[in-house]
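First comes the structure, then the notes that go with it.
The values are calculated or read from the model by the stated rules, or taken from the named source; none is laboratory data. What you are looking at is a predicted structure, and each value in this text was computed from that prediction instead of being measured. FYI the Cβ positions are ideal-geometry reconstructions off the backbone, even for glycines, and counts take in every protein chain you see. Surface areas here come from the heavy atoms of the whole protein model, side chains and all, with no ligands, DNA or RNA. Shrake-Rupley method; radii C 1.70, N 1.55, O 1.52, S 1.80 Å.
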Amino acid sequence: MSEKTFKPRIFSGVQPTGNLHLGNYLGAIRNWVALQAQFDDCIYGIMDLHAITVPQSPESLRNATYEVAASLIACGIDTQKSIMFPQSSVSAHAELAWILGCQTPLGWLNRMTQFKDKAGKQQDKSGLGLYAYPVLMSADVLAYQATHVPVGDDQKQHVELMRDIAGAFNRNYAIDYFPLPEPLIQPTAARIMSLRDGRKKMSKSDDSDYSRINLTDDAETIALKFRKAKSDTIVGISYDVENRPEVANLLQIYSSLGNISLEKTVEQFEHASFSDFKQALSDLAIAQFAPITSEMRKLMQDRAYLDKVLREGAERANAIASEKLKEVKQIVGFFEFLPIP
Ligand code: ATP
Ligand code: MG
């Protein structure tokens, strides 16, 4: 346990691996927006160093960085108050990742389920970056001595590892330098599942666009995707994650989007047909996303503005992280030049 009290600071990020989807929105971004009212100090990164842990075309990566920036603003990230920046523009992330990597036993990394999921049967062919992803993620948060990390449930294991790495650094250098960051996970939308397979999480990187609702989808596409969403042949609608994962996921989405308890949602639809339920669900999603999508489209027309916001964010982020990195380098004992006489 860390003895010191650290100033509360939020850090989280999203990869520019594609458009934001409903899972990102309900599991993370909506929480990021709400946290701005509770914490003075929120930092949100567009994590392009993470994105290249799997192959990316340079053109789509650059474009997705603008798209994610526009989406975050459209969702309600206040870039005057909070810091929003592209990860690769602050070099402290990569540098600190190296230092923390030297504190991380391989045994800890071998337990990480995201690596196993993403590498699949191709582990020997996967890059070191994908394996080291959670070390870089630790550096992202610890470079700001952030105390709280709002993420979806899929990232909980990485935040736990981050706490272990921070603890290992503090122990090895006998200094209470890093806080042990706490995950903040939305209980109602911790893990939104794919619309095609209720046992797989909704992801930007899923091959099928029908597996997810993107924040950029128009009303027609949203309605079509919900209509095509997998359900089952059991009569009536009930919440049973084990036996009816797809239906449970749709109920969860309705409840979370509408801020209605799961019990009330089930009560409302238990006698409805699937088509009526899916219609109600897509109406709800369309109503919530329409203003976000139209704001996002507007912002995407103004790259100069997005560029300015990202540049200012990068400067503010760099001012904090470069100072922390200097301190870490001193702790580690890296060479320091004497002042020029
Ligand atoms: P990728 O498939 O490229 O990893 P992703 O959809 O997992 O993309 P990330 O950028 O990795 O998105 O994650 C951004 C944030 O969204 C993280 O906090 C993550 O935990 C959260 N998140 C991602 N998918 C879901 C989901 N299906 N349900 C809830 N939260 C999610
Ligand atoms: Mg992910």
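Points worth noting:
- The residue pairs whose first member lies in segment 193-204 and is more than 13 Å from Asp154 (Cα to Cα) and in contact (Cβ under 8 Å) with a residue 60 or more places away in the chain, whose second member is of a type in the set (A, V, I, L, M) and more than 13 Å from ligand 2 (Cβ to nearest atom), and whose beta carbons are closer than 6 Å, counting only pairs six or more residues apart or on different chains, do not exist in this structure.
- Meets criteria (within 30 Å of Thr188 (Cβ to Cβ), of a type in the set (A, V, I, L, M) and away from ligand 2 (no atom under 16 Å from the Cβ)) for Val54: no
- Residues satisfying the stated conditions in segment 112-149, i.e. more than 9 Å from ligand 1 (Cβ to nearest atom), charged (D, E, K, R), assigned to a helix (DSSP H, G or I) and surrounded by fewer than 20 Cβ atoms within 10 Å (Cβ to Cβ): Lys116, Asp117, Asp124, Lys125
- Residue that is least open to solvent (accessible area, probe 1.4 Å), among those in segment 150-208 that are farther than 28 Å from Arg244 by Cα and acidic (Asp, Glu): Asp176
- Total residues in segment 89-111, condition open to solvent by less than 10 Å² (accessible area, probe 1.4 Å) and within 20 Å of Arg316 (Cα to Cα): 4
- Scope segment 7-20; condition near ligand 1 (Cβ under 6 Å from one of its atoms) and more than 10 Å from the chain's Cα centre (by Cα); matching residues: Thr17
- Positions within segment 187-212 being within 16 Å of ligand 2 (Cβ to nearest atom), under 16 Å from Tyr25 (Cα atoms) and assigned to a loop (DSSP other than H, G, I, E, B), in sequence order: Ala189, Ala190, Arg191, Ile192, Ser194, Met202, Ser203, Lys204, Ser205, Arg212
- The listed residue being without any contact (Cβ under 8 Å) to a residue 60 or more places away in the chain, farther than 25 Å from Glu267 by Cα and in contact with a Lys or Arg (Cβ under 8 Å, 6 or more places away or on another chain), out of Ser211, Ser238: Ser211
- Single match in Ser194, Ser205, Ser294, Ser261 (criterion: hydroxyl-bearing (Ser, Thr, Tyr), modelled with pLDDT of 95 or more and out of contact with any helix residue (DSSP H, G or I) (no Cβ under 7 Å at 6 or more places or on another chain)): Ser294
- Residues in segment 14-45 that are within 16 Å of ligand 2 (Cβ to nearest atom), in contact (Cβ under 8 Å) with a residue 60 or more places away in the chain and among the β-branched types (Val, Ile, Thr): Thr17 only.
- Among residues of segment 213-240 being of a type in the set (Val, Ile, Thr) and closer than 21 Å to Glu67 by Cβ, the one that is nearest to ligand 2 (Cβ to nearest atom) is Ile213.
- Taking the conditions (1) surrounded by fewer than 24 Cβ atoms within 10 Å (Cβ to Cβ); (2) closer than 19 Å to Thr293 by Cβ in turn, Tyr25 satisfies each one other than (1).
- Residue in segment 170-186 that is within 16 Å of ligand 2 (Cβ to nearest atom), touching a Ser or Thr at 6+ places or on another chain (Cβ under 9 Å), over 30 Å from Tyr254 (Cα atoms) and of a type in the set (A, V, I, L, M, F, W, C) present: no
- Unmet criterion (only one of (1) basic (Lys, Arg); (2) at pLDDT 95 or above; (3) in a loop (DSSP other than H, G, I, E, B)) for Arg171: (3)
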